[in-house]
Structure formats: C-alpha cells, structure tokens
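Asker: One structure coming up, written as structure tokens, with questions to follow.
The values are calculated or read from the model by the stated rules, or taken from the named source; none is laboratory data. Because the structure is predicted, anything quoted here is derived from the model rather than measured. In this analysis, Cβ positions are derived from the backbone assuming ideal geometry, glycine residues included, and neighbour counts consider all displayed protein chains.
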Amino acid sequence: MTKPQDKNTNISKLTKKLTHLRNLSNLLDNAILIPGTSYRIGIDPIIGLIPGAGDYLGTALSAYIVIQAALMGASKPTLSKMALNIILDTLVGTVPILGDFVDVTWKANTKNLELLEENLHLTQPRKTTDWLYIILLIIIIFLVLAATTALFLFLLQLIWRLINHQ
C-alpha cells in the first residue's frame with residue numbers, strides 16, 4: 001500500500017520535473033522578447049541557424065522533452081502527438097524562408113508541454129515506460145531529420161550543377 005508521504009514525494013518529483021521541462025520549453029520557444037512588441041521567440045530558431053548541427057541540436061532538445069514526458073507517465077497517444085509536432089517542425093523547418101518563419105511561430109516545445117500538462121492533469125500517469133515505443137518515436141524523429149537533410153543536400157547539389165553548366 002502506498003503511504004501518503006510516498007504519494008507526496010512522487011507528486012513533488014513530478015512537479016519538479018514539470019517545472020524543469022517548462023523552463024526548457026520556455027528557453028527554446030519564448031525566452032527572448034522582441035523589442036517594441038509583445039512577441040517572444042526562443043533560442044530554438046537561433047540554434048537552427050547553425051549550419052549542419054543546428055537542426056540536430058534543436059531536435060535533440062525537443063526529443064529530450066518527449067523522453068522526459070514518457071518517464072513522467074504520459075500516454076502513448078500524447079507521446080505520439082508530441083513526436084508529430086517535432087516532425088512537422090522539422091519537415092517545414094527545412095524549407096528556406098518558410099522554415100525560418102515556422103521556427104519562430106510554430107513553437108513545438110510549447111505545444112508539447114501543453115499536451116503533457118493536459119495529459120497528466122486528465123489521466124493517472126502510467127507506472128511503467130514502454131521503452132521500445134519511445135525509442136521508435138525518437139528514431140522516427142531523427143530519420144525524418146536525416147531524410148530532410150539528405151533532400152536539402154541533394155537539391156543544393158542539383159542547383160550547383162545547373163548553375164555550373166550554364
């Protein structure tokens with residue numbers, strides 16, 4: 001039987017983890033106030049500007065939130081929605097200009113934190129974590145990122161060849 005103090009300790013740990021994820025999400029999506037406006041951006045779109053590694057680092061930080069959500073007992077449908085938010089952000093984020101706009105406005109990490117909070121509020125957290133499911137989600141996220149990177153490099157090479165042949 002669970003003692004009341006054990007339950008309070010678990011709630012305290014959950015609250016602490018949720019605060020940590022809220023802070024990370026805020027840093028990634030809303031940390032910087034744009035002067036003269038009420039609009040905020042985070043470091044995620046700035047990280048994304050780093051050639052090569054930027055998109056991978058941003059995706060890794062977003063995936064970390066999904067992993068932590070799984071450890072906190074989020075349901076599979078919630079985790080799937082969170083992964084889909086990251087995948088959409090990744091896919092659209094690779095399109096020049098549109099991708100930069102989406103990086104600033106989509107705020108996948110904020111959406112994911114809202115999904116997690118709603119899930120934890122509405123349902124009892126699961127006691128066990130389905131690691132195979134989590135690993136599969138993370139692999140899919142990074143495969144989409146790798147595929148978009150490969151497509152971008154292919155198109156860049158194609159454009160380069162077209163320019164050099166004229």
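Asker: Any idea how many residues of region 42-98 are over 14 Å from the mean Cα position of the chain (by Cα), under 19 Å from residue 21 (Cα atoms) and among the small types (Gly, Ala, Ser)?
Answerer: Of the residues in that region, 3 qualify.
Asker: Would you say residue 129 is out of contact with any strand residue (DSSP E or B) (no Cβ under 6 Å at 6 or more places or on another chain) and under 13 Å from residue 79 (Cα atoms)? Even if it seems obvious, please write down each step before you answer.
Answerer: Working: out of contact with any strand residue (DSSP E or B) (no Cβ under 6 Å at 6 or more places or on another chain): yes; under 13 Å from residue 79 (Cα atoms): yes.
Here the answer is yes, as residue 129 does meet what is asked.
Matching residues to (1) assigned to a helix (DSSP H, G or I); (2) among the hydrophobic types (A, V, I, L, M, F, W, C); (3) surrounded by 15 or more Cβ atoms within 10 Å (Cβ to Cβ):
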| position | (1), (2), (3) |
| --- | --- |
| 51 | no, no, no |
| 63 | yes, yes, yes |
| 68 | yes, no, yes |
| 83 | yes, yes, yes |
| 91 | yes, yes, yes |
| 96 | no, no, no |
| 104 | yes, yes, yes |
| 115 | yes, yes, yes |
| 135 | yes, yes, no |
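Asker: Right, next: Restrict the check to region 100-111 and report whether at least one residue is within 30 Å of residue 34 (Cα to Cα), of a type in the set (Gly, Ala, Ser) and at pLDDT 85 or above. Talk me through it step by step, then tell me what you get.
Answerer: First, the residues of region 100-111 that are within 30 Å of residue 34 (Cα to Cα): 100-111.
Right, trim to of a type in the set (Gly, Ala, Ser) and you get 108.
Now drop any that are not at pLDDT 85 or above, which leaves 108.
Scanning region 100-111 turns up at least one residue that is within 30 Å of residue 34 (Cα to Cα), of a type in the set (Gly, Ala, Ser) and at pLDDT 85 or above.
Asker: Pairs needed: first member in region 78-92, at pLDDT 95 or above; second member anywhere, hydroxyl-bearing (Ser, Thr, Tyr) and surrounded by fewer than 21 Cβ atoms within 10 Å (Cβ to Cβ); C-beta distance under 9 Å; at least 6 residues apart or different chains.
Answerer: 78/123; 79/133; 80/133
Asker: Only one of these is acidic (Asp, Glu) and crowded, with 21+ Cβ neighbours inside 10 Å: 100, 29. Name it.
Answerer: When all the criteria are applied, what remains is 29.
Asker: Tell me the residue from 137, 145, 156 that is more than 23 Å from the chain's Cα centre (by Cα) and of a type outside the set (S, T, N, Q), please. Reasoning before the result, please.
Answerer: Details: 137 fails: more than 23 Å from the chain's Cα centre (by Cα); 145 fails: more than 23 Å from the chain's Cα centre (by Cα).
After ruling out the rest, the residue left standing is 156.
Asker: Is there any pair with a first residue in region 11-31 that is farther than 16 Å from residue 118 by Cβ and a second that is surrounded by 12 or more Cβ atoms within 10 Å (Cβ to Cβ) and acidic (Asp, Glu) whose Cβ atoms are under 9 Å apart and which are 6 or more apart or on different chains, and what are they?
Answerer: From region 11-31, the pairs are 27/44; 28/44; 29/44.
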